[in-house]
1. Cut-off 10 angstrom, C-alpha nodes, Gaussian network model of the chain. Which of 132, 95, 50 fluctuates the most?
2. Please work out whether the stretch 47-90 counts as rounded, prolate or oblate from its C-alpha gyration tensor, where a ≥ b ≥ c are the square roots of the eigenvalues and a/c under 1.5 means rounded, while otherwise a/b larger than b/c means prolate and anything else oblate?
3. If contacts are Cα pairs under 8 angstrom and at least 6 residues apart, what is the relative contact order of the chain in percent?
4. Listing 108, 228 from the residue with the fewest other Cβ atoms within 10 Å to the one with the most, what is the order?
5. Run through all the Cα pairs of the stretch 1-116 and give the fraction in each 10 Å bin from 0, expressed as whole percent.
6. Using only the alpha carbons of the chain, determine the length spanned along each of the three principal axes and report them from longest to shortest in whole angstroms.
7. Restricting attention to the alpha-carbon atoms of the stretch 144-196, what are Rg (one decimal) and Dmax (integer), both in Å?
8. Take 178, 97 and order them by how many other Cβ atoms sit within 10 Å, fewest up front.
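Coordinate-derived values only; no laboratory data. These figures come from a predicted structure and were not determined experimentally. Positions of Cβ are generated from backbone atoms using ideal geometry, with glycine treated the same way; all protein chains shown enter the neighbour counts.
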Ligand code: 13P
């Protein structure tokens, strides 16, 4: 089965750049590849949805902590759905570490996104300093899943020390973390969950990462901004 290639644009691209990107991506892909998700900034969700012309899927990078009301500058899950988002990232390490999001915040966001019927990509991962406590750190981040219906949720394991640094986790690191996540879900829910790996993924290393039996797809930052690289990765994941 094709594995998912999710691109997180972070705070990059204007409308024109996004339109050109989507057109180039679709041309490069030709027919038959739908195993991808683009998470552009909020301002481009509608544009990317339209420009992809029914191909792939579109996700948001974040969501507000409340359903509506006096929260200047925030965007609710309902608004994301309204402009065509299919899914939403929750708990990205940049949200946790730059904006101080806690597991409590992430649990609330998860509820709001699920209520709107959007697919949720829960991001988890340890800092370098937390690496020795990998199991307990991941289990604490995964605890937001407790009591949830997992059908519409996937997990992205992104070791913070491998994001934007060019340092890819070793095969052993990835297998170890993905195994901890799978076991947590098996023990708590008696079920399975898809897990993406993220952190300096690029065309040159994607095949090796996807060949590890425990990886169901990838979440890509920097390399996803280039349509040629994105197309190459999507094709490698088929
Ligand atoms: P890079 O691929 O740039 O390391 O970013 C990973 C990431 O944070 C995706 O969400």
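1. Comparing 132, 95, 50 in the GNM, the peak value goes to 132.
2. Values: a/c = 2.99, a/b = 2.26, b/c = 1.32.
Prolate shape, in that a/c is at least 1.5 and a/b is the bigger ratio.
3. Numbers: 444 pairs, mean separation 54.0, N = 238.
Relative contact order here is 23 percent.
4. Values: 108 17, 228 12.
Listed from fewest to most nearby Cβ atoms, that is 228, 108.
5. Computed distribution, short to long bins: 13, 43, 31, 11, 1.
6. Each principal axis gives a Cα extent; for the chain these are 46, 43, 31 Å.
7. Rg, Dmax (Cα atoms, Å): 12.5, 36.
8. Working: 178 21, 97 12.
Ordered from fewest to most neighbouring Cβ atoms within 10 Å, 178, 97 come out as 97, 178.
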